[in-house]
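Worksheet: one structure, shown below.
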Amino acid sequence: MNTEALLLVLSAALCWGAAQTIAKLGLARMDLVSYASIRAGFALLLIVPYGLLVHGFRFTDWGLVGMAAFAGLIDSFFGTLLYMVAIKRTEAHAAAALSNTAPFWGVTTAVLFLGEPARWVTFAAALLVIIGAYLLITPARADPYPRSLRSGLGALGAAVLWGVGETGPAKYCLAHGMSPVEFQLVLVGTAAASWWALNLGTRAHRRRYLSRAGVGYALFTAVTGFFLGWILWLSGLQLAEASVLTPIKGGAMTLFAFVISIVMLRERPSSRAFLGAALATAGVVLVSLGT
């Protein structure tokens, strides 16, 4: 395992785990579409000057631009929409855990479509992450936080879209010469355009409410989730195979989101949930030692 790639991906997982959890605070203080639109717009304002400073934007292959736009649509628009619907209706550690089964879909994408080798240890690590996530969302006793089928399906749908979008299109574009910052600009730009189109299209038919605290949380998650998280993740993908890095990211995100939900949101997971977090962490250790 490339040590630099491991550190980059763990840092990305910390950023994304924080963004996943803190989103619950923001969504409690403003409507979903406004929150997501502000978040995506602010991320776009960050990535443009960053890209101009470190690399510049060339866009020599418009087929790759289309692939990156596809990733932005399925990952940062539809995937995020499903996740936000889920986290509004259930505990943050539960929604994050279920959505972080994305490693299974990411590994499947990397092996089936990118031609990467199917190592047994990689699939074993992904399986541990999935089992851990299952334990995190299925209570052993009467649950004081009601969970709906819609919440579970929303988080699971986000997992599928995130796993595919963060692995397949991203690795493909980088492998064919697209720079990480160009990929990120197209991804964030597509997401921002999609959220603002939804914002304008539903403006007259939804209840809108804003708060200064909600905007602050949106900006925080834009920096951690949309900006730093993607920079770190794409940098790691340049150094190691996606099928190896994806389970690491998923397990670490589950653990980070779990801890942050306890510290910041005062959630009190059951012993079953603690076991689930331990299994997810074991997946990270297994894939790190076995590759």
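The values are calculated or read from the model by the stated rules, or taken from the named source; none is laboratory data. Every value quoted in this text rests on a predicted model; they were computed, and no experiment measured them. As a convention, Cβ positions derive from the backbone with ideal geometry for all residues, glycine included, and neighbour counts pool all protein chains shown.
Restricting the stretch 195-218 to residues that are hydrophobic (A, V, I, L, M, F, W, C) and surrounded by fewer than 18 Cβ atoms within 10 Å (Cβ to Cβ), the residue that is farthest from TRP162 (Cα to Cα) is ALA204. When the residues of the stretch 18-32 are filtered to those that are part of a helix (DSSP H, G or I) and among the small types (Gly, Ala, Ser), the one that is farthest from ARG206 (Cα to Cα) is ALA18. Of the residues making up the stretch 4-59, just one is among the small types (Gly, Ala, Ser) and on the phi > 0 side of the Ramachandran plot, namely GLY56. Per the listing VAL188, VAL160, the residue uniquely assigned to a helix (DSSP H, G or I) and either in contact with a strand residue (DSSP E or B) (Cβ under 9 Å, 6 or more places away or on another chain) or modelled with pLDDT under 90 (or both) is VAL160.
A quick yes/no check of all residues on (1) in a loop (DSSP other than H, G, I, E, B); (2) surrounded by fewer than 24 Cβ atoms within 10 Å (Cβ to Cβ); (3) in contact (Cβ under 8 Å) with a residue 40 or more places away in the chain:
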{"residue": "SER34", "(1), (2), (3)": "no, yes, yes"}
{"residue": "LEU46", "(1), (2), (3)": "no, yes, yes"}
{"residue": "PHE57", "(1), (2), (3)": "yes, yes, yes"}
{"residue": "GLY63", "(1), (2), (3)": "no, yes, no"}
{"residue": "ALA71", "(1), (2), (3)": "no, no, yes"}
{"residue": "THR90", "(1), (2), (3)": "yes, yes, yes"}
{"residue": "ALA95", "(1), (2), (3)": "no, no, yes"}
{"residue": "GLY106", "(1), (2), (3)": "no, no, yes"}
{"residue": "ALA110", "(1), (2), (3)": "no, no, yes"}
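Between VAL107, VAL85, the distinction of being at pLDDT below 75, more than 16 Å from PRO269 (Cβ to Cβ) and not charged (D, E, K, R) belongs to VAL107 only. Screening the candidates ALA28, ALA19, ALA40 for the property of being closer than 14 Å to GLY189 by Cα and small (Gly, Ala, Ser) yields one hit, ALA40.
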